[in-house]
1. Could we say that residue 58 is over 20 Å from the mean Cα position of the chain (by Cα) and either under 23 Å from residue 175 (Cα atoms) or at pLDDT below 95 (or both) here?
2. What pairs can you find where one residue is in region 126-155 and within 16 Å of residue 85 (Cβ to Cβ) and at pLDDT 90 or above, the other is in a strand (DSSP E or B) and among the small types (Gly, Ala, Ser), and their Cβ atoms are less than 8 Å apart, with a gap of 6+ or different chains?
3. Test residue 50 against the criterion of being open to solvent by 20 Å² or more (accessible area, probe 1.4 Å) and touching a residue at least 60 places away in the same chain (Cβ under 8 Å), and give yes or no.
4. Checking residue 93 against (1) over 18 Å from residue 174 (Cα atoms); (2) open to solvent by less than 60 Å² (accessible area, probe 1.4 Å); (3) at pLDDT below 90; (4) among the hydrophobic types (A, V, I, L, M, F, W, C): exactly one of these is not met. Which one?
5. Just checking, does region 178-194 include any residue being small (Gly, Ala, Ser), open to solvent by 10 Å² or more (accessible area, probe 1.4 Å), modelled with pLDDT of 85 or more and assigned to a helix (DSSP H, G or I)?
6. Looking at (1) in a loop (DSSP other than H, G, I, E, B); (2) modelled with pLDDT of 85 or more, can you tell me which one residue 99 breaks?
7. If you go through region 133-161, how many residues are among the aliphatic types (A, V, I, L, M) and either part of a helix (DSSP H, G or I) or open to solvent by 20 Å² or more (accessible area, probe 1.4 Å) (or both)?
8. Considering each residue of region 59-79, count those that are assigned to a strand (DSSP E or B) and open to solvent by less than 40 Å² (accessible area, probe 1.4 Å), and give that number.
Amino acid sequence: MDIVQLVGNMTKPALIELEHINVEWDNFKVLDNINLIVEPKDFVTIVGPNGAGKSTLLKCILGVVKPKSGKLSKAADLKINYVPQRMTIPASLPLRVSDFLMLNKNIRTNIADWYLEMTSIEPLINKQMKNLSGGEFQQVLIARALIDEPQLLILDEPAQNLDLQSQTRFYDSINNIYESVPVAILMVSHDLHLVMSKTKRVICLFHHICCSGKPGDVIEDPEFVSLFGEDFSNMMRSYHHQHDHKH
């Protein structure tokens, strides 16, 4: 049975909508007049320098941070699952992957099996969480975030602590999930060169939204060049050209 049939119809007009969101800490505007819509089956990547407010924006959507002003709307019965930058499990805790996946989850067996295969973690099921490599650990976190069928998956720099080879495998896996599963993805990432060919939209954030659009359009935007520098922008143009030529 196709996974879309298992999950059901997901034709809501918008999953989340942020209108004129402002967040202030100690009279400093962390987020300034943010407008953002995430639609079903969207794939949005938020980029920007450290301290730009990227994680704060995710926390607003998750309800962890309350905006000073603005409106946040969510689709009725929206299920959001979140994968953080890092998670630490005590080395003394005897926790197998299979146990971790099912903690506080109500999961249909056929769905669980499908996601284990999709995220390539079936061989890890009986391993201790403490013995996983960084890349394996992230794949398990992704599987856990998916197996109870969210409409929106939020990823906060999920590959930050991985080596380049593991990062590449991780983003390939995310792309495979996006192409196979009826889920929208909202991701914060510094690795724009790796997600360039995957994401549908890029949002460049520096407390306010500097620019947004398709990856190829964003890297030509003067705001992007100003924020990341001419050298980085030229590198991204070269990468984008090579990717387009390849395909």
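1. Working: over 20 Å from the mean Cα position of the chain (by Cα): no; either under 23 Å from residue 175 (Cα atoms) or at pLDDT below 95 (or both): yes.
No.
2. So the pair list comes out as 153/184.
3. no
4. (2)
5. Yes; the residues of region 178-194 include at least one that is small (Gly, Ala, Ser), open to solvent by 10 Å² or more (accessible area, probe 1.4 Å), modelled with pLDDT of 85 or more and assigned to a helix (DSSP H, G or I).
6. For residue 99, the exception is condition (1).
7. Total meeting the criteria: 6.
8. 1
The values are calculated or read from the model by the stated rules, or taken from the named source; none is laboratory data. Bear in mind that the values here come from a model prediction, so they are computed numbers and not experimental data. Ideal geometry is used to build each Cβ from the backbone, glycine not excepted, and the neighbour counts take in all protein chains shown. Accessible surface areas use protein heavy atoms only, side chains included; no ligands, DNA or RNA. Shrake-Rupley method; radii C 1.70, N 1.55, O 1.52, S 1.80 Å.
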